[in-house]
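Presented below is the structure to which this report refers.
Where a number appears in this text, it was derived from the coordinates with a stated rule and is not lab data. Keep in mind it's a predicted model, so treat the numbers as computed, not measured. Cβ placement follows ideal geometry from the backbone for every residue including glycine, while neighbour counts extend to all protein chains displayed.
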Amino acid sequence: GMIAISASLIGYFRDYTTKLERIILFISGLLMVVPESFTDLIGIFLMAAAIILQKRHIKKVYKRE
């Protein structure tokens with residue numbers, strides 16, 4: 001959870017993050033910090049979504065170069 005929050009505050013995860021990715025990472029980090037199984041699952045799902053968005057973003061950037 002803290003990795004997601006840190007990545008959202010710094011603005012860098014695997015590459016520079018967009019505003020949408022930062023918001024998703026921050027929310028997922030907060031959900032994973034809350035000690036409930038259900039919120040952990042939602043947080044993990046949102047973090048996976050942010051990773052997928054990040055991979056798509058990286059592919060687009062390096063494809064243009």
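List of remarks:
- Available extension along the chain between PHE45 and TYR16 is 8.4 nm, counting 0.36 nm per residue and deducting the alpha carbon span.
- Spin-label model distance (nm) - SER37 vs SER6, 7 Å beyond Cα toward Cβ: 2.9 nm
- Over the chain, the alpha carbon radius of gyration divided by the compact-protein estimate 2.2 N^0.38 Å works out to 1.13.
- Helix 19-33 axis versus longest C-alpha principal axis of the chain: approximately 30°, rounded to the nearest ten.
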